[in-house]
Each structure stands twice: as structure tokens, then as C-alpha cells.
Amino acid sequence: MFTGIIEEIGEITRVQQHGDAARITVRGPIAVEGAKHGDSISVSGVCLTVVALERDEFTADVMQITLDTSTLAGAEIGAHVNLERAAQVGDRLGGHIVQGHVDGTAAVLGTRDGSAWRVVRFALSPELAPLVARKGSIAVDGTSLTVSDVGGTAEDGYWFEVSLIPETLAATTLGQRGVGDRVNIETDILARHVERMLEFRSGADAGGGASAPAALDSTEALA
């Protein structure tokens, strides 16, 4: 479990393809500090399990479902990623409860700058649109943010906006994102469970036929 408060911007240093999976190595001195084999680290919002450590780098395996639902499918050497170590019991919850189970990706539709902040608008898929509410919490590339506005229609496409302060722009990869770039999205856990209960109440397919279920994007989730 994470809080969505990014500790540092890391860099992907190695990508190895293994059939329907991949193994990535990330440089992150802060993330590696005190880490051990089996620990969880959020990589741009995706919860991954440390399988190897070397100096200021860690390596993690990424399975197919994670590649299908996150930006890690296009991971390249030199790419920057947001890093956060798993929260400890007793830590302050500075953001919100973030599981590291990414629901999908979203593209940047546009940005506009204010005097001391930046508003970023993201596309929102029809499956995720009901789970995103104005003033609600959302994790974008693992960063805990408050939804400042939502809108759109089924015909024109749904969207949501977040307002980023200078600290967020500097301390996360969101300051580097431009129109067309894709980010990982994790909706609020409470919204997911409410949607699931409504599926059963409405008599929808209990297997998730009414809408796409939240994917398990953690290499330890099935352990």
C-alpha cells in the first residue's frame, strides 16, 4: 500500500523481454535505501516486487496483465518514472490510499498554466468515467491528486482535470508530460467497490461483464 506521495524520480536502466513478461531495472537511490528482496515499490503507480538489488538500482518482474494495462508496456531505457516505497504502519497518510493496482492508462488532452499552477486535462475511458468524481482522489502515475473537474459525454469522450502546484511539477514526472503522453490511472478504491456492488444489484454478469474490473497490477498480488 502507498500514499501517492512521490519520493523521487527514478530512471529505467534496463529492460529485458521474457515472452509475455518483462524484467525492468530502475535507478532510484532513495527507493533502494533500506529495501530488501521482496519489498514493494511503486513505479509510476504500478506496485512491483523487488527481485534484485544492486547499489542504487532495483529489478522487478512485470507480468502480462500489467503490461496490458499500464505504460510499462512501452518502458524504455532512460525513461523517467515516479518512485515510492510502500508505506509503513504508523506513517502519516499525506495523500490517499493507493494500492498500486492500475486501472488503465489515460492520454493528456491539454494543459493550461496559471500564475502558480498548471491544469492538466486527461482523457477518461467510459469504463473508468463513473469512478472519477469532482473533488475525489485519483492517482496519476502514482501521484495522489484531487480531481478538480470532470466532464464530457459518451459521444465526445469523457475527461477529468487536476491542478498541479509547482512542487508537484518539479518532484514528479507530471511536469514533463505533454499533449498525447500517456499516464497510469488508479481510481479511488471506494468507488471500485461501490461499482462492484451495483453490478450485482443490477443483475449484471458477476464475472465483470458489465464493465472492465480493476486489474491486479502487482507481482505480489497473487502470492
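Per q in 0.12 1/Å, what log10 I(q)/I(0) does a Debye calculation on the alpha-carbon atoms of the chain return?
Treating every Cα as an identical point scatterer, log10 I(q)/I(0) equals -0.63.
Hey, what do the phi angles of the range 143-152 turn into as Karplus ³J(HN,Hα) couplings, whole Hz, using 6.51/-1.76/1.60 and θ = phi - 60°, x for Gly and Pro?
Once rounded to whole Hz, the list reads 8, 6, 9, 9, 5, 8, 6, 9, x, x.
Could you give me the ³J(HN,Hα) list for the range 93-106, computed from phi with Karplus coefficients 6.51, -1.76, 1.60 and θ = phi - 60°, whole Hz, x at Gly and Pro?
8, x, x, 8, 5, 10, 8, x, 9, 5, 7, x, 10, 9
Counting other beta carbons within 10 Å of each residue's own, what order do HIS80, HIS37 fall into, fewest first? Write out the running numbers ahead of the final one.
Details: HIS80 15, HIS37 10.
Ascending Cβ contact count within 10 Å gives the list HIS37, HIS80.
Relative to the Cα centre, what is the charge dipole magnitude of the chain, using +1 at the beta carbon of each Lys and Arg, -1 at the beta carbon of each Asp and Glu, and rounding to the nearest 20 debye? Can you show the working numbers first?
Numbers: 17 positive and 31 negative charges, 63 e Å.
For this selection, approximately 300 debye.
So which GluC sites (Glu not before Pro) in the range 1-95 are both in a DSSP loop and have at most 11 other Cβ atoms within 10 Å of their Cβ?
Of the GluC sites (Glu not before Pro), the ones in loops of the range 1-95 whose Cβ has at most 11 other Cβ atoms within 10 Å are GLU33, GLU76.
Fewest to most neighbouring Cβ within 10 Å: what's the order for GLU161, GLU186? Spell out each step's value before the answer.
Working: GLU161 19, GLU186 31.
Fewest-to-most Cβ neighbours within 10 Å comes out as GLU161, GLU186.
Can you quote the Å³ per residue value for the convex hull of the Cα atoms in the range 8-85, rounded to an integer? If you can, show how the numbers build up before the last one.
Working: hull volume 5.8 nm³, N = 78.
So the per-residue hull volume is 75 Å³.
Once you keep just the Cα pairs under 8 angstrom separated by 6 or more residues, what percentage relative contact order results for the range 8-85? Intermediate values should be presented prior to the final figure.
Working: 162 pairs, mean separation 31.4, N = 78.
Relative contact order comes out at 40 percent.
Which trypsin sites (Lys or Arg not before Pro) does the range 132-194 hold that lie in a coil by DSSP with at most 12 other beta carbons within 10 Å? Show your work: numbers first, answer last.
Values: sites: ARG134, LYS135, ARG177, ARG182, ARG192; in loops: ARG134, LYS135, ARG177.
When the trypsin sites (Lys or Arg not before Pro) of the range 132-194 are filtered for loop state and at most 12 Cβ neighbours within 10 Å, ARG134, LYS135 remain.
Once label points are set 7 Å from the Cα along Cα→Cβ at both VAL150 and ARG23, what is their separation, rounded to one decimal in nm?
4.1
For every other residue with a beta carbon closer than 14 angstrom to the beta carbon of ASP113, add +1 if it is Lys or Arg and -1 if Asp or Glu, then tell me the sum. Don't skip to the answer; put the middle values down first.
On the way: positive: ARG112, ARG118, ARG121, ARG177; negative: GLU161.
Net of charged neighbours comes to +3.
What number, in percent, do you get for the relative contact order of the chain if the mean sequence gap of Cα pairs under 8 Å and at least 6 apart is divided by its residue count? Don't skip to the end; give the middle numbers.
Working: 530 pairs, mean separation 55.3, N = 223.
Once divided by the residue count of the chain, the mean separation gives 25 percent.
Using the alpha carbon gyration tensor of the range 130-207, what are the three equivalent-ellipsoid semi-axes (square root of 5 times each eigenvalue), largest first, in whole Å? Don't jump to the answer; show the numbers that get you there.
On the way: eigenvalues 155, 42, 26 Å².
For the range 130-207, the ellipsoid semi-axes come out as 28, 14, 11 Å.
Laboratory data are not the source of any read-out in this text; all were calculated from the coordinates shown. None of these values were measured; they are calculated from a predicted model. Neighbour counts are summed over all protein chains in view; Cβ atoms, including those assigned to glycine, are modelled from backbone coordinates with ideal geometry.
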